[in-house]
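Each remark here refers to the structure printed beneath this line.
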Amino acid sequence: MVKLLHTARKYVFHIGGCIEFLISLFAVAGIIAHLFNLEWFFAFFKTGSLIEFLKSLFDAMIGIEFIKLLCRNDLYSMIEVLMFAVTRHLVIQPLETWEILIGAVAIAVLFAIRKYLFLHKESYEQMQRRREYMD
């Protein structure tokens, strides 16, 4: 039963990755459509502009990252969800200069946490082997 749940969790995680890829393709198509002023593209998705289109894409990405967070159950996934949420707020919302500065600092802090405070699996295993060798 546990193996079945693990396999299902793995498939849901991979499906989320595939959907993320599709959303990134839609984002590229939306930006290209905006560059060439193709209004029919946004009408097809029932959005009035590029901003509304990006807002819906960001919402979908945050939802997918949340599903992946539930599948992985690690802090790395939580940092990714927070980065998407802060980025969405910075890109979509009309903000004052000081709000943009706070958002940029928040993203920098999240990147620093991800880089310096997390031990990756390989680093953790190496540290465990060193401890066993020392004992």
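What follows is calculated from the coordinates using simple rules that are stated; it is not laboratory data. Just so it is clear, the structure is predicted and the values come from calculations on it, not from any experiment. In this analysis, Cβ positions are derived from the backbone assuming ideal geometry, glycine residues included, and neighbour counts consider all displayed protein chains.
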Computed [θ] at 222 nm, helices only, for the chain once each DSSP H run of length n ≥ 4 contributes -39500 (n - 2.57): -28000 deg cm²/dmol
Kyte-Doolittle mean at least -0.5, axial Cα span of 27 Å or more - DSSP H helices of the chain: 2-35, 50-72
Proxy reagent accessibility, fewest Cβ within 10 Å first, across GLU80, GLU96: GLU96, GLU80
Peptide ranges 47-59, 19-31 listed from the most packed, as the mean C-beta count within 10 angstrom indicates: 47-59, 19-31
Counted charge near GLY48, where neighbours are those whose Cβ lies closer than 12 Å (Asp, Glu -1; Lys, Arg +1): 0
Structure-derived semi-axes √(5λ) of the Cα gyration tensor in Å: which label, when the choices are (1) 36, 22, 11; (2) 25, 16, 14; (3) 23, 19, 13: (1)
Residues LYS46 and LYS115, FRET efficiency given R0 of 30 Å [Cβ-Cβ distance, rounded to 0.05]: 0.15
Fewest-first ranking of MET83, MET1, using other Cβ atoms within 10 Å as the exposure measure: MET1, MET83
